[in-house]
1. Could you calculate the contour length gain from residue 23 to residue 41, that is, 0.36 nm times the residue separation minus the distance between their Cα atoms, to one decimal place in nm?
2. In whole Å, what are the Cα extents of the stretch 20-59 along the three principal axes, biggest one first?
3. Subtract the Cα-Cα distance of residue 48 and residue 33 from 0.36 nm times their separation in residues, and report this length gain in nm to one decimal.
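Each reported figure results from applying straightforward, stated rules to the coordinates on display, with no laboratory input. Because the structure is a prediction, the values reported are computed rather than measured.
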């Protein structure tokens, strides 16, 4: 009986750890998506200005 209880507790802890890692991965993913959206306009303008400068210097 004690062995079965011990095994059940161990499996429950492994499941909790998996859920914690999934939550951490979800928070990191949301952070990456938010930061990409926040800087996408600035990065687009940076590359457009760089392309314009390169083209104007070639001509």
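1. Numbers: separation 18, 0.36 × 18 = 6.48 nm, distance 2.86 nm.
Full-extension gain reported as 3.6 nm.
2. 56, 13, 5
3. Values: separation 15, 0.36 × 15 = 5.40 nm, distance 2.19 nm.
Full-extension gain reported as 3.2 nm.
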